1. Please determine whether any residue of the range 217-224 is in contact (Cβ under 8 Å) with a residue 12 or more places away in the chain, under 20 Å from residue 157 (Cβ atoms) and not β-branched (Val, Ile, Thr).
2. Go through the range 221-239 and give me each residue that's touching a helix residue (DSSP H, G or I) at 6+ places or on another chain (Cβ under 8 Å), within 21 Å of residue 148 (Cα to Cα) and in a loop (DSSP other than H, G, I, E, B).
3. Kindly indicate whether residue 135 is in contact with a strand residue (DSSP E or B) (Cβ under 7 Å, 6 or more places away or on another chain), touching a residue at least 40 places away in the same chain (Cβ under 8 Å), within 28 Å of residue 308 (Cα to Cα) and of a type in the set (D, E, K, R).
4. For the range 292-320, how many residues are in a loop (DSSP other than H, G, I, E, B) and touching a Gly at 6+ places or on another chain (Cβ under 7 Å)?
5. For the range 74-119, what are the residues that are closer than 21 Å to residue 30 by Cα, surrounded by 17 or more Cβ atoms within 10 Å (Cβ to Cβ) and among the charged types (D, E, K, R)?
6. Just one of the numbered conditions (1) touching a Gly at 6+ places or on another chain (Cβ under 9 Å); (2) open to solvent by 20 Å² or more (accessible area, probe 1.4 Å); (3) outside any loop (DSSP other than H, G, I, E, B) is not true of residue 253; which one?
7. Given the residues 36, 26, 64, which is the only one that is surrounded by 13 or more Cβ atoms within 10 Å (Cβ to Cβ), at pLDDT 95 or above, farther than 23 Å from residue 181 by Cβ and within 19 Å of the chain's Cα centre (by Cα)?
8. Among the residues of the range 135-143, are any at pLDDT below 95 and open to solvent by less than 20 Å² (accessible area, probe 1.4 Å)?
Amino acid sequence: MRAMVLEKSRTPLAMRERPGPAPATGEILIEVAACGVCRTDLHVVDGELPNPKLPIIPGHEIVGRVAAIGAGVAELALGGRVGVPWLGSTCGVCDYCRAGRENLCDRALFTGYTRDGGYATHALADARYCFPLPDGQDDAEVAPLLCAGLIGWRSYRMANAVEDLAGKGRRLEALGLYGFGAAAHILVQVAAWQGRRVYAFTRVGDEAAQVFAKSLGAVWAGGSDEMPPEPLDAAIIFAPVGSLVPLALKAVKKGGRVVCGGIHMSDIPSFPYRLLWEERHIVSVANLTRADAREFLALVPQAGVKSEVMRYPLAAANDALADLRGGRLRGAAVLIP
């Protein structure tokens, strides 16, 4: 097999030839058809996430076919199309797992971070954390759904929790999305389909991204330094920029919620208490659960979600990461082995 490998943090990935792996008990071997390039991969490569397994093959938005099956796997078949997300396995016995909060598992493993991922021609995965995918949709367009889509969905659900806090009869109507990248371009389609008014906040001066956001259903788009035309019920921050937190708090109404959807963010600057006062909330999202994935993947065809992707050959993984780092992507980058 061929793989793009991170051998040392803050260095370019290197193409390596490796022997084809055999699945252990409970695992499957996947022939990779496409693997999305996520901002979390960038955080791993740039050394912003602690203690990665090194060397590591990044990538956790994997779409492919089952090429081999280990002992004890009954629910998947050879040749079946599957998707592999960020959450690679959990212990199943810690307090979080037993409470249905496996995304917070004390001993979780993560695809492309603490176990090898999909920047390769083949990948091993725990069969319990793989999702059967229907045929018909392009592999590259499906790949971003497996993290950008799933984390966006979990963030969206947490933003919706403002309804429970605000009292009976109130619903989330005005939603702000800060950082219009892979996750936001998927989520705006879902929220607009559900009848929400979505306000998209891009990098200052990024008129192309603002036009793109409106084409996908946003009712307004502007720079992250602007205020929306109406107070927001909730805001989700996808950009890893801590200075957006006070801006989002300023934009949400009383009782509103600001959801930080990234795994890494620069430091949040100090801000006056009055921005938090009046029962505004700041929450973070950690990983995803398998229940999130099943729920979201069932919703995608109903909502008519379509990912906008830029395709790169596997050997150009460093170029894809550089384009993501430099904000040059429209939608999501996807590697094709």
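The values are calculated or read from the model by the stated rules, or taken from the named source; none is laboratory data. Note that the structure is a prediction, hence the values are computed from the model and not measured. Note: ideal-geometry Cβ built from the backbone for every residue, glycine included; neighbour counts use all protein chains shown. Remember, those area values only see protein heavy atoms, side chains included, never the ligands or the DNA or RNA. Shrake-Rupley method; radii C 1.70, N 1.55, O 1.52, S 1.80 Å.
1. Yes, the range 217-224 contains at least one residue that is in contact (Cβ under 8 Å) with a residue 12 or more places away in the chain, under 20 Å from residue 157 (Cβ atoms) and not β-branched (Val, Ile, Thr).
2. 224, 238
3. Criteria met by residue 135.
4. Of the residues in the range 292-320, the ones in a loop (DSSP other than H, G, I, E, B) are 304-308.
Remaining after also requiring touching a Gly at 6+ places or on another chain (Cβ under 7 Å): 307-308.
Going through the range 292-320 one residue at a time, the tally reaches 2.
5. Hits for the range 74-119 are 81, 115, 116.
6. (1)
7. Checking each option against the conditions leaves just 64.
8. No, because not a single residue in the range 135-143 is at pLDDT below 95 and open to solvent by less than 20 Å² (accessible area, probe 1.4 Å).
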